[in-house]
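Contents: one structure, followed by commentary.
The values are calculated or read from the model by the stated rules, or taken from the named source; none is laboratory data. This structure is a prediction, so every number in the text was calculated from the model and none was measured. When we count neighbours, we look across all protein chains shown, and the Cβ atoms used for this are built from the backbone with ideal geometry, even at glycine.
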Amino acid sequence: MLNRRLIPWALVASTFALPAAAQEMQPHRAVYTATMLEKGKPGAGAPGTYAFELKTTCDGYIMNQRMRLEIEGPRGSIVSEQQSQMTESRDGKKLHFEHRSTVNGRLANQFRGEATLDADGLGQARYNEPEGQSVALAAGTMFPMALARATIRHAKAADVSFDALFFYGEKVKPPQAVNVLIGRVPKRLADLQIPDGADGLVNGRSRIYYRGGFFDAQPKGQGEQAAFEMSSLVLDNGIELYGTHEEGEGGIEYRITRLEALPKPTCN
């Protein structure tokens, strides 16, 4: 799964009121075919690849993801790669992150650091790259795995939407407000092809479809446009089958092509 960005605080509180241990995630490795989008429709150009890996430990979650796209430009093709490595504690209070982007093999940007939340929900993110930078985290901030787990729990509870704050360190900026809408699986995705050999991870699992709008730090105003939008078809064990990420008139769409289970830890 790719992770990018006035909150009704009662809804945020209800998210954390749901039992954290009630939603476990399946450790897995998945590969997707990625297609560029133009105004919401598939554009021209060669397909890219997106790979995601989730490992679980007794203390938390380890996430690795990589996106590679080849984009046609006026002077030839441009190869863009984005890599992220994140470790998040099971209680959702600590996140170590490292994000790296390259263009034609040359480093474009890099962000690395650690974010922590204290007992009252407030926190801070401190960056090693760029060195000396920090960001305050407001009460209610969620890291990637905490938000993913919350979305599945809300779907199981038949909720149709919830709001939260989201941070994963891809830029030196405050958490974004996110509005998640949970709905029916679209007909075009109802028969999404499952990779060979993955039936044991998919069969008997509920499919959850949701859309998320991510807004920058200022309070949402009437009619304000989201800075970034995404959609996802995910199983109730956390395995993503399909997704989109859209910003402005551009974006990407990705569909699963390979899926394998990874071992679960043995914890006391």
* Among the strands (runs of 3 or more DSSP E) contained in the stretch 107-182, which hold 2 or more residues that are among the aromatic types (F, W, Y) and touching a strand residue (DSSP E or B) at 6+ places or on another chain (Cβ under 6 Å)? -> 161-166
* To do: Only residues in the stretch 89-109 that are more than 12 Å from D59 (Cβ to Cβ) count as the first member; pair them with residues that are acidic (D, E) and outside any loop (DSSP other than H, G, I, E, B), Cβ under 6 angstrom, at least 6 apart or cross-chain, and list the lot.
  => L95/E88; T102/E81
* Conditions (1) at pLDDT 95 or above; (2) under 17 Å from T151 (Cα atoms); (3) among the aromatic types (F, W, Y): number failed by F52 -> (2)
* Within the stretch 224-234, can one find any residue that is modelled with pLDDT under 90, under 26 Å from V172 (Cβ atoms) and loosely packed, with under 14 Cβ neighbours inside 10 Å? -> yes
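Taking the stretch 72-95, which residues are surrounded by 15 or more Cβ atoms within 10 Å (Cβ to Cβ) and farther than 17 Å from A148 by Cα?
Within the stretch 72-95, S80, E81, Q82, Q83 qualify.
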* Could you tell me whether any residue of the stretch 8-27 is assigned to a strand (DSSP E or B) and either surrounded by 18 or more Cβ atoms within 10 Å (Cβ to Cβ) or at pLDDT 70 or above (or both)? => no
* So, in the stretch 241-255, of the ones that are of a type outside the set (D, E), at pLDDT below 90 and in contact with a strand residue (DSSP E or B) (Cβ under 7 Å, 6 or more places away or on another chain), which residue ends up nearest to P195 (Cα to Cα)? -> G251
